Structures are given as C-alpha cells and as structure tokens.
Amino acid sequence: MEYRFVDCRWALDDSGFGLRAYREAHIPGAAFLDVERDLAAAPGAGGRHPLPSAEQFAAAASRAGIGPETFVVAYGSLGGAERLWWLLRHFGHGDCAVFDLDSWHGPLVGGDEMIESAGFEPLEQEGDTVSRRELAHRREQLVVVDARLEPRWRGEPNSVDRVPGRIPGALNAPWNTVCVESTQSLPAGELVAYCGSGITACVVLHRLHLAGRDGRLYPGSWSEWEQYPELPVERST
C-alpha cells in the first residue's frame, strides 16, 4: 500500500485558482486534480458539474498516480476533496480519506511534481446516485438535504442560481458547517444530498459516512433542476 496526497483546491468564480494555489505551495509529492476538468464532465443539461465518465475519471486518476494499491489522501477547498473521495468510491476505489490542509504541520513546496502514472481501473458502482426523474417522482418519500448555504436554500437572489429556490421539502445542512455530530439531527430514512452542482453535497455525504450512515448524491443538483420549469420550486423569502 502506498499513499498519495491529492490537491483538489478550486474556486467557483476563478477557474485557475486551484492550480495557482498548488504551484504556490502544496504537500510534497501531492498530485493536483482540477475539480472542473478532471472531477466533472462538461456543463450542460446535466448541470454545471456532471459526473465524469468512467474513462475520463480513470485517465485523471491514473495521471495522479492512483493505482489499485494506492491509499488516497485528498485535501482541497469548497468540497473538492470530498468530491474526489466520493468519485473514488463511486468508481470502486474505497482506499481514500479526506484531510484538512490547515492541519498539516510539515513542509510545503511550490511548482509542479513529477508524478509517475498508474493504472486506475474503474468499477462503477450502482445505487449511490439519484436521477432528476426519480427525485421528482419520489421526493416526498426521501430525506432530501440541500448543502448550499442558507440564503441560497431560502431562495434569495444570488449570482449563482439562475432560478433562486430549492427542491420542495429539502432540509438545509450547509456544507461549511456540517459535521459528524450535526448529521445526527437529520431524520431517518433514505437520504439524498444535493447542492448547486454536485460538489459540496459530497461534504454532507462524507460526514454522513463518518457517522455510519449512507446517502445518495443527486449529481445534477440545483443547476440541473432549475433548467426544467415544470419542476416545483420552493422558497422561504
């Protein structure tokens, strides 16, 4: 078993932030994966950050030096690390963890790393996602959790959501404050997490996993839902 740190820092309003931050200072030996280019497919009808195909993700993971015997330690910002954690598990690689870069007390280095490519073999899992159609049909039977910050959950106008609002009945568990303990307050039942585009919802799913509970991801999240005017929208404003 070998360990591989992977840097997944990114910013919603600056596509170049992650790579700049990595080249400025990163954990020695860490690879870099771009949330928008490596951990998501092109934006479109499936939302801003649809899931990458198995082939796309395998190529990125291999380039980052992730093979069958690699234990991945992901760190990042804005849910980037948790997105990699979720995708690794989705594609059959359970040897992974999430790490807070602020907890690192060792040295940091700049520049790029010479990462030896590995052979990542994806084994895509079933049952860990929910489609727009299933969610629309079954939402009243599910525990639907919105990971966006409260103003967006409430439906206040903002610069990200074209249509402000939330999926009716969705509970709010903001990604930046959710922790293992706070997940205990979520009702029992089949849980589905979503956010703006499927990234920060992975934070909720990671904390649930640490608490011993599973949930499913709605990959398209609000950026897909808002494209369909026939779907219901709820607001608190």
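Read-outs: derived from the displayed coordinates by stated rules, not from any lab. Computed from a predicted model, the values in this text were never measured in an experiment. Every residue, glycine among them, receives a Cβ derived from its backbone with ideal geometry; neighbour counts consider all protein chains shown.
At q = 0.11 Å⁻¹, what base-10 log of I(q)/I(0) does the Debye formula yield for region 161-237 when every alpha carbon is treated as an equal point scatterer in vacuo? So the normalised log intensities are -0.28.
Computed 3J(HN,Hα) for region 120-127, one whole-Hz value per residue from the Karplus formula 6.51 cos²θ - 1.76 cosθ + 1.60 where θ = phi - 60°, is 8, 10, x, 10, 5, 8, 10, x, glycine and proline marked x.
Applying the criteria of a DSSP loop state and at most 14 other Cβ atoms within 10 Å to the GluC sites (Glu not before Pro) of region 117-158 yields 124, 126. Less than 5 angstrom separates the built amide H of residue 120 from those of 62, all sequence-distant by 5 or more or on a different chain. Our coupling estimate for region 27-32, obtained by passing each phi through the Karplus curve with A = 6.51, B = -1.76, C = 1.60 and θ = phi - 60°, is 5, x, x, 6, 8, 10 Hz, Gly and Pro reported as x.
Would region 119-196 count as rounded, prolate or oblate if I go by the C-alpha gyration tensor, calling it rounded below 1.5 in a/c and otherwise prolate when a/b exceeds b/c, oblate otherwise? Spell out each step's value before the answer.
Values: a/c = 1.43, a/b = 1.38, b/c = 1.04.
Because its axes are fairly even, with a/c under 1.5, region 119-196 counts as rounded.
Each principal axis of the Cα atoms in region 1-101 has its own extent, and those three values, largest first, are 39, 31, 20 angstrom. Less than 5 angstrom separates the built amide H of residue 172 from those of 146, all sequence-distant by 5 or more or on a different chain.
Which GluC sites (Glu not before Pro) does region 13-109 hold that lie in a coil by DSSP with at most 15 other beta carbons within 10 Å? Write out the running numbers ahead of the final one.
On the way: sites: 24, 36, 55, 69, 82; in loops: 36, 69.
Those that pass, being in a loop and sparsely packed, are 69.
Tell me the Kirkwood hydrodynamic radius of region 75-134 in angstroms, computed as one over the mean inverse distance between distinct C-alpha pairs.
Working: mean 1/r = 0.0697 Å⁻¹.
Here the Kirkwood hydrodynamic radius works out to 14.3 Å.
Applying the Karplus relation 6.51 cos²θ - 1.76 cosθ + 1.60 with θ = phi - 60° to region 197-204 yields 3J(HN,Hα) values of 8, x, 9, 6, 4, 5, 5, 4 Hz, where x marks Gly and Pro. For residue 129, nonlocal amide neighbours, meaning residues 5 or more places apart or on other chains whose placed amide H falls under 5 Å from its own, are 217. Considering helices alone, the calculated mean residue ellipticity of the chain at 222 nm is -6500 deg cm²/dmol, with DSSP H runs of length four and up weighted by -39500 (n - 2.57) and normalised per residue. Three principal axis extents describe the C-alpha atoms of region 53-103; from largest down they are 32, 22, 18 Å. Net charge of the neighbourhood of residue 214, taken over other residues with C-beta under 11 Å away and scored Lys/Arg +1, Asp/Glu -1, is +1. Annotation note: GluC sites (Glu not before Pro) in region 154-237 located in DSSP loop regions with a Cβ neighbour count of at most 11 within 10 Å are 181, 230.
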